[in-house]
Amino acid sequence: MSTIDPAIAVQRLPRHIAIVMDGNGRWAEARHRPRTFGHHAGVQAVRQVVEACIRRSVSTLTLFAFSSENWKRPVSEVSALMDLFMRAMDREVDGLHNNGVRLSFIGDRSAFQSELVERMSRVEMKTAGNERLMLNIAANYGGRWDIVRAARALAQRAAAGEVDPQSIDEASLHAEIALSALPEPDLFIRTGGEQRISNFLLWQIAYSELWFTEVLWPDFDADCLDQALHAYAQRERRFGRTGAQLRSAS
Ligand code: FPP
């Protein structure tokens, strides 16, 4: 049963939540099952969190599904994950679409099989008109890759004479970064007990509130999300100002 106070929720809900879904492997190992069993269980947790975000009117959810470093895992685990992503997309897309979820993928697609890339584009096109929840899946994504890609795009425009290098500022780099059209993540969650960013949305989380939990991703559910929302509602977001300044402005 969900315990969040609706009065707090309406006023102080994050608009955008980003999650590092960690702990699938350990969850499976604790059950003497292969790591892929944990990834399968992780899909159920994704479903629960998506539904909870819709119920809570969180407008954007960004999930780290596969990092650019995850290719270093055993080949069997990587191919099982690719297979899982394809099946999950086939199985979940209609339900997501019917619930008003717009899906989008961030990351370098060039390393994926064409079958998967085509599925990604199809799902994005099918759900493009939905507005209830924006669900971004980071696949073969790295925060440094994102910043380098943005810098390269600006450098190309400068070389073509379209942009004066002296005029390049935070706003122009931001415009080239993934998710730039969306509000920046207000709340960054990492499950699985580690307290690090692991090259997720480096630029985008400059002012995000960070929340870490020992809960392994397959066990993460709507109640866990509510705990994070409670913690977030109690944070004072100052964006460089003093607490007194904030209180006098409100
Ligand atoms: C990290 O746990 C998890 C991953 C690298 C894969 C995440 C994938 C899913 C949750 C599957 C579903 C996703 C979508 C979007 C359909 P880990 O393997 O690093 O766990 P460990 O730290 O315990 O080893």
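Values quoted throughout were computed directly from the atomic coordinates according to the rules given, and no laboratory measurement underlies them. Note that the structure is predicted; figures quoted are calculated from it, not measured. Counting neighbours? That spans all protein chains shown, and the Cβs are built from the backbone with ideal geometry, glycine included.
Going from the residue with the fewest nearby Cβ atoms within 10 Å to the one with the most, Ser121, Ser68 rank Ser121, Ser68. A viscosity of 1.567 mPa s and a temperature of 4 °C, combined with the Kirkwood radius over C-alpha pairs in the Stokes-Einstein formula, give segment 110-189 a diffusion coefficient of 85 µm²/s. Under the rule a/c < 1.5 gives rounded, and otherwise a/b versus b/c splits prolate from oblate, where does segment 1-142 land using the Cα gyration tensor? The shape class here is oblate. Residue-normalised convex hull volume from the C-alpha trace of the chain: 154 Å³ per residue. Quick check on the exposure proxy: order Trp145, Trp27, Trp211 from fewest to most C-beta atoms within 10 angstrom. Final ranking by Cβ density, sparse to dense: Trp145, Trp211, Trp27.
Defining a contact as two alpha carbons under 8 Å apart and six or more residues distant in sequence, what relative contact order in percent does the chain show? This gives 30 percent for the chain.
Projecting the Cα atoms of Phe85, Pro14, Ala45 onto the dipole axis of segment 4-113, where Lys and Arg carry +1 and Asp and Glu carry -1 at the beta carbon, places Pro14 farthest toward the positive end. Springs join every pair of Cα atoms under 10 Å in this Gaussian network model of the chain, and among Gln227, Gln195, Gln166 the largest mean-square fluctuation is at Gln166. Charge tally for Arg152 (other residues, Cβ to Cβ under 15 Å; Lys, Arg +1; Asp, Glu -1): -1. When only alpha carbons are used to place a centre, segment 31-61 and segment 163-208 end up 23 Å from one another.
Provide Glu176, Glu69 in ascending order of the number of other Cβ atoms located within 10 Å of each residue's Cβ, fewest first.
Glu69, Glu176
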